[in-house]
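Step one of this worksheet: look at the structure below.
The values are calculated or read from the model by the stated rules, or taken from the named source; none is laboratory data. Keep in mind that what you see is a predicted model, and the values were worked out from it rather than measured. Heads up, the Cβs are rebuilt from the backbone with ideal geometry, glycines too, and the neighbour counts pull from every protein chain shown. Accessible surface is based on the protein model in full, side chains and every heavy atom, while ligands, DNA and RNA are left aside. Shrake-Rupley method; radii C 1.70, N 1.55, O 1.52, S 1.80 Å.
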Amino acid sequence: MNEGLRTAADGPNSMQRLDDARALIRHMYEAGLLFCGTADQVRDQMQDMHEVYGGGQLDWSVWDYRAQALPGDDAPDIRRQQLKTYAEQVMPAFR
């Protein structure tokens with residue numbers, strides 16, 4: 001069950017069911033609950049959120065990184081590179 005992810009487009013009289021991880025990720029992305037893509041795409045997605053909440057004065061946002069699916073020995077380097085990209089190419093737009 002995924003009732004916490006229900007959107008206005010989901011029928012109110014049916015159980016919210018997402019069949020697998022791919023469907024869950026797609027639903028979260030389409031609902032604006034997950035940002036992903038290139039640094040430019042993520043920055044644009046965050047800008048849209050920034051403008052909607054608080055009259056353009058968004059106070060905070062949570063960056064939650066999940067890396068369980070990253071491959072073996074390269075996982076730490078991939079995580080560092082993604083955090084570096086986020087810090088250098090996304091967040092400066094919101095200071």
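Once C-alpha pairs closer than 8 Å and six or more residues apart are averaged by separation and normalised to the residue number of segment 1-45, the relative contact order reads 28 percent.
Once semi-axes √(5λ) of the Cα gyration tensor in Å is calculated for the structure shown, the corresponding label among [x] 26, 22, 9; [y] 20, 15, 12; [z] 27, 12, 11 turns out to be [x]. Since only 41, 83, 7 are under comparison, the one whose Cα sits farthest along the positive direction of the charge dipole of the chain, derived from C-beta charges on Lys, Arg, Asp and Glu, is 83.
Would you mind working out the magnitude of the charge dipole of the chain relative to its Cα centre, with +1 at each Lys and Arg C-beta and -1 at each Asp and Glu C-beta, to the nearest 20 Debye?
Details: 10 positive and 15 negative charges, 23 e Å.
With only Lys, Arg, Asp and Glu charged at Cβ, the dipole is about 100 debye.
Hey, any idea what % of the chain's accessible area is carbon plus sulfur with a 1.4 Å probe? Walk me through the numbers on the way to the answer.
Working: 3870 of 7600 Å².
C and S atoms contribute 51 percent here.
Longest exposed-loop-site-free stretch of the chain, with chymotrypsin sites (Phe, Trp or Tyr not before Pro), DSSP loop and at most 15 other Cβ within 10 Å? Longest run free of exposed loop sites: 1-59.
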